[in-house]
Each structure stands twice: as structure tokens, then as C-alpha cells.
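Read the figures in this text as sums done on the coordinates, not as results from a lab. If you're wondering where the values come from, they're calculated on a predicted model, not measured in any experiment. Here Cβ is always computed from backbone atoms with ideal geometry, including for glycine, and neighbour counts include all displayed protein chains.
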Ligand code: 5AD
């Protein structure tokens, strides 16, 4: 049995097109086999991206959103949420503080909020680049020209999760969006030279192991530089408030398999995972993950970026404090990276473009 699992792990690591059946089998495997899977992922992580853990400081600069995603607390129909927007000066202050706390990358994340036009975002990008920071944008679906404009302004990376690779489930969850458009945005971002992050939720209502295998195969096909994988957590005041959450075990298996399929990718230990399992962050870092995303949004706003419940409590417990992060990282025998942590895959391209990769 265990030999069978080892063979599957080997195939998944080495085949250009891994078998969906093997992935489904591993996603359903029993705990003793999962231990072998986690060990293989941890060893691939060490070999391909090393022992450094990258800190990506997230600034959640607006919780306004024009979308109606059925799982998300920021959906526009949620009138129970106090909405806020941060100005340029506030973003600057938050980024400066994060940089002093060791973050080499700032992620500017928001709901889909057209209040911030292309120029406003471009100005924010330039301001952060002047601080010597790598910049990741995560502002949802925008016209390709805007993606291009922000790339020219200096944005290094873009984060746009595909959420689920099952097109039927995708359309059920996103009444005002299409799966094809999502993939179109991801393809456009890639073509513009962004380091692209995508990812999915685990345990969505109606989602099967086959769907999760498709998520992994899509991430491989897109050849993403980063993959964010977290459990679905039912959020009050949304249509899915009474649904069951995803499990930590399945999320960890997904992270481990993502590491085997995309050995050089950056994989965060997500806040969502530690919200459902107090040891989730540590466990993820031991089965493939190599990134922590501390929330560096100013305190008065944090509570209102409630995509799912208790997110801010979990962030306060864990990742927003340099000391706590260092203690966790050192307890694992690892170190906090001192470089921006650009994708190892892209170094050649970046050097060719004459950019500093220090
Ligand atoms: N549970 C878990 N993750 C969620 N997200 C949004 N709502 C939820 C939820 N209820 C995630 C989505 C989105 C990111 C901003 O937050 O993956 O891309």
C-alpha cells in the first residue's frame, strides 16, 4: 500500500501531465499515507525553494466590492459590514512600517472597487517601489490595459485566485462572473510578465475530490509562480452562511500536492487555514508552504475586512507581529528571507530585462 503511495508521489513529481486519478487517490488517502505525502512535499520544498520563509505584508486598502460572490463577506449585498477606503498617505505609512518589520513585499489587496482608478493604483505602486519594496497587486478583474499600465508602473506580481476549476461550480458561486473571463485575466497577466499567483478554496459546497484535482492541474497548466490554497469558511450574512467548512487535513494535502506539482512555486500558509486549525500555519510550513502573509493593514480597518469570521482575531494571534513570526520560523529551524523572494523561475527573464533581482 505504502509502496503504491510512494510510486504515485514519484509519478506526480516527474510527469509533465500527472494523472487526475492519482491526485484523487492521494487526496482521499488515509493518515499514514498522508504522512508520507507531507514528508515528500517538505523535502521538495527544501530542495527547490530552500529554508527561507518569505514575508508578504498585506495591506487591505478597501473592503468595498462590486461583486456578489456567494461565499464572501465583502459581497456587495452584505449591508452588515462597515465599509472603508484607505488613502495614499495611509497606504504609505502602513508599507513603511511593514518594511521596517522585515517585509520585502507589499501586497495591495482590495475588493473590486472602481473608486481606485488606474492612475491611483499606479501612483501607489510607484510609491512602494520607491521604498525598495516588491509589489503584488490583488484588486480583482480589471481591463487588460490597466494590468499593463500597473506593470509599467513597476508592479511585480498579481494575485487572482481561480477559486475553483469546476466551471459549473464557478458560475454557481459567482453569479456575476464567468470562468472564462477569470482564465482570460490570468493569461493576460502572465503575458504581461507578472509573476502570477492563483489558487482555490478547499471544501466549497458541492466540490468533489475530482474538482480539487482539477484545481491542482490548472495551477500546473498555468505554471503559476504562487498558489494560495485555503479552506472555505462559511461567512455570516452570505448565502453560504450555514454550509460546512473545508477541513485542515484536505487543505494540507492540497498544499503538499501543489508543492510536488510546482516545486518552485511560492506557497503561503494561509490565515484561513490557521482560523480552522490553531496549528494550521505551522503544519502548512511543514508540508510544502514557504510564505507567510502578515496583515499590516492599520488596526482600525482590520476588523472590517471580514471575508470570513474571526479572520482578524487569528491575524492578531499570529502573523502581524515580527516577534511571533520569528519565533515560529526559528522553531522550524528556518529563517526569514532577506530578499524580495521573486519567483526562482523568473530570475532569468528578470536579469535579461536588466532588473535588479537582489
Ligand atoms: N472562506 C475562505 N476564503 C474566502 N475567500 C473569500 N471568502 C472566503 C471564505 N468564506 C478568499 C477567496 C478570495 C480571497 C480574497 O479570500 O479565495 O480570493
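Tabulated data
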| item | result |
| --- | --- |
| Choice from 79, 164, 271 with maximal GNM fluctuation in the chain (Cα, 10 Å cutoff) | 79 |
| Residue-averaged [θ]222 nm for the chain, counting only DSSP H segments that reach four residues, each worth -39500 (n - 2.57) | -13500 deg cm²/dmol |
| Equivalent-ellipsoid semi-axes of the stretch 244-309, from the Cα gyration tensor, Å, largest first | 23, 15, 9 |
| DSSP-defined antiparallel bridges as percent of all bridges, the chain, nearest 5 | 5 percent |
| Overall Cα dimensions of the chain - principal axes, largest extent first, Å | 58, 46, 38 |
| Gaussian network model of the chain, Cα within-10 Å springs - most flexible of 191, 94, 209 | 191 |
| Linear extension gain, residue 89 paired with residue 187, 0.36 nm per residue minus alpha-carbon span | 32.0 nm |
| Residue with peak Gaussian network fluctuation, the chain [Cα springs, cutoff 10 Å], from 101, 181, 63 | 181 |
| Whole-Å semi-axes of the ellipsoid equivalent to the stretch 207-334 (Cα gyration tensor, √5λ, descending) | 23, 21, 13 |
| Value of relative contact order over the chain, rounded to a whole percent, pairs C-alpha under 8 Å and six or more apart | 23 percent |
| Sorted by Cβ density within 10 Å, fewest first, the residues 10, 174, 266 | 10, 174, 266 |
| Which of 11, 311, 17 has the fewest Cβ neighbours within 10 Å, and the rest in rising order | 17, 11, 311 |
| FRET efficiency estimate (nearest 0.05) - Cβ-Cβ, residue 327 to residue 176, R0 41 angstrom | 0.45 |
| Equivalent-ellipsoid semi-axes of the stretch 166-257, from the Cα gyration tensor, Å, largest first | 23, 17, 11 |
| Length added when fully stretched, residue 118-residue 313, from 0.36 nm per residue minus Cα-Cα | 66.9 nm |
| Rounded D (µm²/s) - the stretch 65-135, Kirkwood Rh over Cα pairs, Stokes-Einstein at 25 °C, 0.890 mPa s | 180 µm²/s |
